[in-house]
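Quick notes on the structure that follows.
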Amino acid sequence: MMRALTILTVIAALACALSLAVGSVTIPPGDLWQVVLGQGDTLDRTLLIDLRLPRTLSAFAAGGLLAIAGALMQVLLRNPLADPYVLGLSGGAATGALLAMLAGAGMVLVSGAAFAGALFATLLVFGLAHGTGSWTPSRLLLTGVVTAAGWGAAITLMLAITPAHQLPGMLYWLMGDVSYARLPWPSIVVLMLAVIALLPLARSLNVLARGPLQAAALGVSVRPLEWSIYLLASLLTATAVTSVGSIGFVGLIVPHMLRLVLGNDQRVILPASALAGGTLLVLADTLARTVIAPEQLPVGVITALLGVPTFLYLLHRSR
């Protein structure tokens with residue numbers, strides 16, 4: 001366990017260092033180290049501390065949040081295809097945030113609206129999938145995909161009535177944009193608190209992954225634990241969406257790949273998802289701003305190019 005987490009921590013640190021050094025202006029490792037020591041050229045310090053560091057930390061925090069949310073949803077549904085984007089949580093959070101933006105609300109209200117939208121999307125998906133009987137993972141997945149399409153239609157409607165001067169920024173944000181992330185610390189605090197809060201629940205999550213009946217037989221309070229997963233996944237998704245926009249497939253790729261390598265012990269998977277999800281989004285953002293530099297791609301494009309083939313492969317395997 002510790003060896004895997006140590007390796008992921010080293011990889012995450014290297015990815016963050018690469019993100020800080022690479023861009024439209026490349027900073028050599030020696031100059032980067034001088035800035036870390038509080039020395040170095042003034043222009044390099046401004047570029048790193050004021051521009052690249054907040055962007056890198058925001059990408060890392062958002063990737064970790066989405067990966068943990070995906071891991072939680074996959075445990076809850078016992079389905080590797082579940083993630084906040086596919087199940088419509090990201091769409092609900094984005095709809096709530098856009099409504100607050102159109103109303104001229106401040107960042108705190110935008111964050112609250114994103115959480116409310118994600119929570120409402122969760123309740124809607126699970127309510128529709130349950131219906132008058134019991135739900136199955138495949139039924140829930142199909143309901144989530146259809147609901148996500150509905151959120152997409154609502155977002156398109158809002159964009160159609162948005163004033164022209166607000167439209168470019170909202171469009172870029174919807175595609176996943178880390179370039180305007182200037183305040184990473186709230187997301188980092190939420191990520192750290194989520195990992196700390198989930199570690200004591202890891203054993204219960206291991207039991208829940210075997211099924212609610214077995215979990216109840218072994219003394220796990222299934223219903224409160226499920227509701228805790230709903231609420232926490234909604235909070236994590238809303239925090240990520242508020243910070244960097246709607247980015248898909250991070251919560252799908254990362255937990256599944258980690259389970260293939262590390263097994264299905266949530267005591268390892270949850271902290272590993274935070275590290276690996278953050279690393280993936282940092283590398284994707286680095287690629288997005290360097291592949292056609294000085295122009296920048298939305299980071300959501302990069303994650304979609306990785307996630308769509310992975311989703312189709314998993315869907316084919318699940319047959």
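Name the residues of region 282-307 whose amide N is less than 18 Å from a point 7 angstrom out from the Cα of Ser24 along the C-beta direction?
Backbone N within reach: 285-299.
State the extension gain, in nm to one decimal, for the chain segment bounded by Leu199 and Tyr313, taking 0.36 nm per residue of separation less the distance between their alpha-carbons.
Full extension of this stretch gives 38.0 nm more.
Just check region 192-319 against the gyration tensor rule for me: Cα atoms, a ≥ b ≥ c as the square roots of the eigenvalues, rounded for a/c under 1.5, and otherwise prolate or oblate depending on whether a/b exceeds b/c.
Prolate, because a/c is 1.5 or more and a/b exceeds b/c.
Rounded, prolate or oblate: pick one for region 135-192, where a ≥ b ≥ c are the square roots of the eigenvalues of its C-alpha gyration tensor, a/c under 1.5 means rounded, and failing that, prolate if a/b is larger than b/c, else oblate.
It is oblate, given that a/c is not under 1.5 and a/b is not larger than b/c.
How would region 1-78 be classified by its alpha-carbon gyration tensor: rounded, prolate or oblate, with rounded meaning a/c under 1.5 and the a/b versus b/c comparison settling the rest?
Taking the square roots of the gyration eigenvalues as a ≥ b ≥ c, region 1-78 is prolate.
Read phi for every residue in region 260-273 and hand back ³J(HN,Hα) as whole Hz from Karplus 6.51 cos²θ - 1.76 cosθ + 1.60, θ = phi - 60°, with x for Gly and Pro.
Coupling constants for region 260-273: 5, 9, 9, x, 10, 7, 5, 5, 9, 5, 5, x, 5, 5 Hz.
Can you sort Ser221, Ser111 from fewest to most other Cβ atoms within 10 Å of each residue's own Cβ?
Ser221, Ser111
What is the Cα centroid distance between region 236-312 and region 61-86, reported in whole angstrom?
Using only Cα atoms to place each centre, the spacing works out to 11 Å.
Normalising by the residue count of the chain, find the relative contact order in percent from Cα pairs under 8 Å and 6+ residues apart.
32 percent
Starting from the 7 Å offset along Cα-to-Cβ, what nm value, one decimal, do you get for the label separation of Ala293 and Ala164?
Distance between the two pseudo-spin positions: 3.5 nm.
Give me Tyr230, Tyr172 ranked fewest to most by other Cβ atoms within 10 Å of their Cβ, as a rough exposure proxy.
Tyr172, Tyr230
Taken together, the values in this text are just the output of simple stated rules run on the coordinates, not laboratory data. Everything numeric in this text was worked out from a predicted model, so none of it was measured. With ideal geometry, Cβ positions are generated from the backbone for all residues, glycine too; neighbour counts draw on all protein chains shown.
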